[in-house]
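Some notes on the structure that comes next.
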Amino acid sequence: MQIICEKCGEFMRVIKNGVKVRYGYYQGYFHADLYECPICGAKVIAGFSSEIYEPDAEVDYDFTK
């Protein structure tokens with residue numbers, strides 16, 4: 001998957017695969033990839049997997065708060 005930075009028009013690069021993300025009302029988490037623009041440093045999380053139900057798991061990003 002190619003992702004282009006909205007600010008620079010540069011292709012973003014994967015800086016970490018398999019980050020754990022908790023989102024919305026889900027009790028589990030999702031694996032996804034963290035991308036960064038090499039020009040401006042903007043970051044995006046993309047490529048979400050199916051939910052992994054583990055309510056007590058430690059995650060890298062928690063967007064439920």
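Report, in debye and to the nearest 20, how large the dipole of the chain comes out about its Cα centre when Lys and Arg carry +1 and Asp and Glu carry -1 on their Cβ.
For the chain, the charge dipole is close to 200 debye.
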Original post:
Under the Karplus relation 6.51 cos²θ - 1.76 cosθ + 1.60, θ = phi - 60°, what is the ordered set of whole-Hz ³J(HN,Hα) values for segment 22-30, x standing for Gly and Pro?
Top reply: 9, 9, x, 8, 5, 8, x, 9, 10
Original post:
From the residues Gly47, Gly18, Ile4, which one has its Cα farthest along the dipole of the chain in the positive direction, the dipole being from +1 and -1 charges on Cβ of Lys/Arg and Asp/Glu about the Cα centre?
Top reply: Ile4
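What order, most packed first, do the peptides 23-36, 47-60 have when packing is the mean number of other Cβ atoms within 10 Å of each residue?
Working: 23-36: 16.0, 47-60: 11.6.
Those peptides, ordered most packed to least, come out 23-36, 47-60.
The numbers here are math on the coordinates, done by the rules we state, and not lab data. All values derive from a computational prediction rather than experimental measurement. Every residue, glycine among them, receives a Cβ derived from its backbone with ideal geometry; neighbour counts consider all protein chains shown.
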